[in-house]
Every structure is written in C-alpha cells, then in structure tokens.
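Here the structure comes first, spelled out in structure tokens, and everything after it is commentary.
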Protein chains: 2
Amino acid sequence: MSRAALSEFALIARYLARPASGRADIVVDNGDDCAVIAPTSGHQLAISVDTSVVDVHFPAAAPPAAIGHRALAVALSDLAAMGARARWCTLALTLPEIDPDWLAGLGEGFHALAERCGCALIGGDVTRGSLSLSVTVHGELPTGSALTRAGAQVGDWIAVTGYPGRAAEGLARWQQGERDLAHPLLDAYLRPQPRLAAGEALRGLASAAIDVSDGLLADLGHLLRASGVGAQLDLEALPLATPLRATLDSDQVQRRVLAGGDDYELLVTLPPAALATAQQQLAALHLPLTPIGRIVAGEGVGGLPEAFVGLGGWDHFAERRA
Amino acid sequence: MSRAALSEFALIARYLARPASGRADIVVDNGDDCAVIAPTSGHQLAISVDTSVVDVHFPAAAPPAAIGHRALAVALSDLAAMGARARWCTLALTLPEIDPDWLAGLGEGFHALAERCGCALIGGDVTRGSLSLSVTVHGELPTGSALTRAGAQVGDWIAVTGYPGRAAEGLARWQQGERDLAHPLLDAYLRPQPRLAAGEALRGLASAAIDVSDGLLADLGHLLRASGVGAQLDLEALPLATPLRATLDSDQVQRRVLAGGDDYELLVTLPPAALATAQQQLAALHLPLTPIGRIVAGEGVGGLPEAFVGLGGWDHFAERRA
C-alpha cells in the first residue's frame, strides 16, 4: 500500500467527520489524538460495538446512504435495548477503494441518522480493505437504570414493539430483485429505525429488554437464558404487518415474524401492572407495543407452531442475511 | 455465510472476553446488549479508535500474541498522548477463519497488555472477513486537563520519550527475514509499549502532545499545524538507540529516527521551566525525555539535514509499514 493512498484514506476520515456544533459535552472534537467528552453527572455509560460486513450484513449493491444508516442503526439499537440515550460514536471504516460519490452517500446516511438521534461522530479511522464498518456507540442513562436481559420475572408480559418480520421479508424481496427503495419492506430491511425513544420510555417500566437482531425467537431465547426463566407465547397475538398478511400465507408470515432478524424492534418483559403504562408511553411515539406471551417458570418456549417445536427455540431459527 | 459459522463467530466473541474482576466501575460486563460503566466523577473521557489491518499495519506471519498486543497498543497510545488513564476498550475483530490456537495467542497478547494498563475489554464483535482489528479505547482524565496538539508556544522545548526509530528498523529487519522475537528492534516493532504512565505524568507540564505513529517529523508537523507554530530542531540532540548506532551509518540512523513510524513514543512541547521536572517524572518511569529542539514563530521545521529539506517536513517522510 503506497503512502499516497494512505494519505488519501486519512483525508477521507476528515471528510466523513462533521464538527459537532453547539455541544458543550464535546470538549475536543475529531482531529486530535482522541476526542474528549464530558459525561453527564449522575449517569452511567452504555457502550457497544457492531461490525457490518459487505455481503454478510448488507448487500454490496445497497445504496451507500442505506449502508451508512444501517451500520449506525444496528449499533444504536443496542443502546435502545439498554434504555440509554445515544450520545457519541466512533466509526472504523474499511474500504476497498475511494469513490467520492459513494462516500458522500455513506456519510449522508450515517449523519442523517446520527443527528436525528443526537449521536455525534467523535472519532474515526479509515483503512483499505474489504468493505466493513465497525461502529462503537456510547449512550447515557441515569445511574442504576439500565435495562438488561436478566430481569424477567415469572408472570411478566412479553411484548414487542412495531411489526417484526418486515425486514426479513424486505431482504427476501431484495434478493428477488425488488429495487424500489420506497417499498416499506425494503425500507424496513435497509433502513431499520433504532427504537431509542421507546427504550428510554421503557426504562423504569420493563423488567428486561433485548433488541430483535437475530430473530424474535432467537433473541427471546437470549433473554430467557439470561433471566433463568421460560416463556409461553400466544401466537394469535403476534403483530402482523399488513404488507406481510397481504402477500404471504399464514405459515410464511409466522416464520418471518418469529425467525426473521434485522428488524431491530425491542423485545421486552413487563410486570403485569406496567403493561398499560408502557403501551401509552409508546403510543405517544406512534409505536405499538404488543403483548405476545408471558414469562413462566422453567426454560424454553411454549406455544410454538408445529414447525418450530423441537428445534430448540432460538439460534436454529435465525435466518441469514444479505 | 452459513448460520453455523456465524454461531461459531459469536462463540469466539465470548471466548475472547474475560470477565473483569474487582472492578466496581463495570456495572454490566460483556454479554448483554451493551456494557454499562460508571465514569469517575470530576473526570472527562478520552475516546479513540484505531484499525489494524493485516499486511498494512502488521505482517500476516507475525505471532498472534504480537498482533493482539499491537492492535491494542496503537489505540492506547492515543490515550497516552492526551494524558488519559486507560479504562475500557471494545474490539471489533474480523477473521478469515477460526483457528483456536491462533485465537488463544491473540487473546493472550491483547489481555496481557490490557490488564497491565487497567483497560478492561467490555465489548466485542467478531465477523468473518479479511483479518483486521478495530479497537476503541476509553480513558479518563481530570476535567480540563487533556493534552491536545494545539497548545505549543514559541520558546517551548520539543522533547521525545525513549528512542524513536527502533520500530522502523525492526520492521526492516523483519522484512529481511529476522525472526528472533527477543531481538529488541523486532520487539519495538511488534510489541510497542504505549506511554500511558508518561502521558499521565506529563499532564499539567506539557503544553502539547502527540504520539509518534507516522514518524517523528510527520507527527511533529501535525502538532505544529494544530498549534500554529514552527520548530527548530537540533539534530545533534536526537536520542539514538544503541542498536541503531551500532549497525547503521549516521544518515540511515537519522532517517530511522526522523521518518520511522510505529514507535508510539510521545512527542511533547514543554514550557522552559517545566522541562527539568518532566524529565525527573519520566526518569522515575525509567524513560528518557530528550529535548530535540524549540518551538519558533512561523511554520515548518528548521534544522533538518540536507536530504530532508524541501520535502515539506511531514507526510512525505512517513515510511510504510508491514
């Protein structure tokens, strides 16, 4: 790799950065050895890293703005699942070549979401290689208020935000050649919306939370194991997105909803007394919160359709991606 | 990419993680959607990300422990250059295949340095692809005490820790086939030591700081531009490592010291009254701090050897790596 190329890559890092304006919490912005930030007194920090790799997590032909949006969204979704408010992020970008138009699109998609979520890009590194984006996100939450996976109690409701399964069907449509980016299912896959406001609203109400990245059953399994409990699902209660019901038979719809990943909805457990309040809070965000079952003693998931029984309940279901 | 492979990669992430013991600041460790940490009251956070790519930043054949050590060291060095104390890090690891022995070595090298520096690995993501490691590091420093690149004043001393140039010569020897990992020059290249204790000691003394990653002149150039000043170097004063003087002619030695990168020494500026104190502080760490010139009004670097004059003073010199 030539030195000239490296300098170009260093320039790209600067090009992708945007100075955060009007943020007193950013003491030293991008461009020094480190960024320096001032955490909020009385708060703790939630930190997570997610790498998005071409042809694993997103298709190479996806619009660059969607690639930028999606790489940040999947990382922010982890903050949402802890109930944290997004604050700062870093981006490690590996690129096979420098295409200014493509990079401008990537930056647009990344920053549009970052600005909407109040998550300033405070550090970056750009290297040459196969396309991937590693995003480390930092959120804040009042001390002691983190939503973990481990707090579910027997008798709690299990509830999910929005309409999971849309992204999995969007991916299927993409793979079948659909390229209308305004299509709501394609949009659900390419531009998932991290449920940050919902996560904050559920803080103090939910007993446990996880985001649906691997699939509803897979992620429910993670939550159940962390909490040491089981679940009884009510299949009739699953929220079914209209475009899924309109085009798929009921088995296909169930499979999308239960096994499809990539939606980045929140899956939470709630003490019975907290459900109505939680639904009201999320209704104010125009986001449905649907109870789909209860936490029970033991382990594993009851109430699954025939095709899902005996497969273990989680990772086996998770479908794969780009 | 098969689902089975993905699960394996997820397992690797767990395998590389080590629970932080006895750390009250780690509220939620690895394994939930996010780690949650409790920042220290009265402190600010320094954050930086560095990606190390195979055959760009390290040779593919380097020992895995050195690859793990080095990827963390180059990131920690940015904390050192701000005067921050290392606290937490995340690792985004991309791997072409799973080799348990190699991974165990990588983890050993990474964690040995992490533990020595008090930098807990609190989050990770493992994906399949060409080998690279993106490390995001988090350090703490008392509010308002960050060492930036921008504070150098006319009349300040310019000083450097240790003996820069050793890593560049180590890389040259590696490329010539030297494989004795105990060789001090190879060790300087493969296992650079981030100058964290020195950075903390220089806080409140140095007026500006940067770490030497691209080469002494290149990084001096970054510091000068950020501070809006120039420099007059005293070539006779350059610290010359014994193994360089013993084997290279004086032109070659100068070139290694001025243009060689990868040493991760600290380059700082100091008000005249602070130099002796700073040297005493670093002597207690068994680290020399050598004055090599003064900050002057204007821009650029004076006092360069003939071969370096007219080349601009910085990026042109930076040599390339693995």
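Structure notes:
- Segment A:191-223, residues that are hydroxyl-bearing (Ser, Thr, Tyr) and farther than 14 Å from A:ASP78 by Cβ: A:SER207
- Every condition in (1) crowded, with 24+ Cβ neighbours inside 10 Å; (2) within 10 Å of chain A (Cβ to nearest Cβ) is met by B:HIS43 except one, and the failing one is (1).
- Residues satisfying the stated conditions in segment A:295-322, i.e. at pLDDT 75 or above and in a loop (DSSP other than H, G, I, E, B): A:ALA297, A:GLY298, A:GLU299, A:GLY300, A:GLY303, A:LEU304, A:PRO305
- Which listed residue is under 20 Å from the mean Cα position of the chain (by Cα), more than 10 Å from every other protein chain (Cβ to nearest Cβ) and in a strand (DSSP E or B), from A:ALA112, A:ALA86: A:ALA86
- Matching option when the condition is at pLDDT 95 or above and touching a strand residue (DSSP E or B) at 6+ places or on another chain (Cβ under 7 Å), among B:GLY109, B:GLY162, B:GLY151, B:GLY177: B:GLY151
- Residue match in segment A:96-107 (condition: open to solvent by 10 Å² or more (accessible area, probe 1.4 Å) and within 24 Å of A:ARG149 (Cβ to Cβ)): no
- Breaking point among (1) open to solvent by 40 Å² or more (accessible area, probe 1.4 Å); (2) more than 8 Å from every other protein chain (Cβ to nearest Cβ), for A:HIS69: (1)
- In summary, A:ILE210 fulfils each of the numbered conditions (1) at pLDDT 95 or above; (2) open to solvent by 50 Å² or more (accessible area, probe 1.4 Å); (3) hydrophobic (A, V, I, L, M, F, W, C) with the single exception of condition (2).
- For A:THR277: the one exception among (1) out of contact with any helix residue (DSSP H, G or I) (no Cβ under 9 Å at 6 or more places or on another chain); (2) hydroxyl-bearing (Ser, Thr, Tyr); (3) modelled with pLDDT under 95: (3)
- Restricting the search to strands (runs of 3 or more DSSP E) fully inside segment B:11-77 and requiring at least 1 residues that are closer than 21 Å to B:ASP219 by Cβ and of a type in the set (Val, Ile, Thr) gives B:43-53.
- Checked against (1) out of contact with any Ser or Thr (no Cβ under 8 Å at 6 or more places or on another chain); (2) open to solvent by less than 50 Å² (accessible area, probe 1.4 Å); (3) within 18 Å of A:PRO164 (Cα to Cα), A:GLN279 passes all but a single condition, namely (2).
- Residue within segment A:139-147 that is in contact with a helix residue (DSSP H, G or I) (Cβ under 8 Å, 6 or more places away or on another chain), more than 9 Å from chain B (Cβ to nearest Cβ) and surrounded by 19 or more Cβ atoms within 10 Å (Cβ to Cβ) present: no
- The lone exception for A:MET82 - which of (1) open to solvent by 20 Å² or more (accessible area, probe 1.4 Å); (2) at pLDDT 95 or above it fails: (1)
- Whichever residue in segment B:229-239 is modelled with pLDDT of 95 or more and open to solvent by less than 60 Å² (accessible area, probe 1.4 Å) and, among such residues, is farthest from B:ILE292 (Cα to Cα): B:VAL229
- If you filter segment B:133-166 down to residues that are of a type in the set (Gly, Ala, Ser) and out of contact with any Leu (no Cβ under 8 Å at 6 or more places or on another chain), you find that the one that is nearest to B:ALA46 (Cα to Cα) is B:ALA146.
- In segment A:148-167, the residues that are open to solvent by less than 10 Å² (accessible area, probe 1.4 Å) and part of a helix (DSSP H, G or I): A:ALA167
- Given (1) open to solvent by 10 Å² or more (accessible area, probe 1.4 Å); (2) assigned by TED's automatic domain parsing to the domain that holds B:ALA259; (3) in contact (Cβ under 8 Å) with a residue 40 or more places away in the chain; (4) within 30 Å of B:PRO291 (Cβ to Cβ), number of the condition B:ASP187 does not satisfy: (3)
- If you go through segment B:118-138 and pick out every residue that is outside any strand (DSSP E or B) and at the interface with chain A (Cβ under 7 Å from one of its Cβ atoms), you end up with 2.
- Subset tally (residues that are open to solvent by 30 Å² or more (accessible area, probe 1.4 Å) and free of Cβ contacts under 8 Å to residues at least 60 places away in the same chain) for segment A:18-31: 6
The values are calculated or read from the model by the stated rules, or taken from the named source; none is laboratory data. All values derive from a computational prediction rather than experimental measurement. Cβ: placed from backbone, ideal geometry, glycine included. Neighbour counts: every protein chain shown. What goes into the accessible areas is simple: the full protein's heavy atoms, side chains included, and nothing from ligands, DNA or RNA. Shrake-Rupley method; radii C 1.70, N 1.55, O 1.52, S 1.80 Å.
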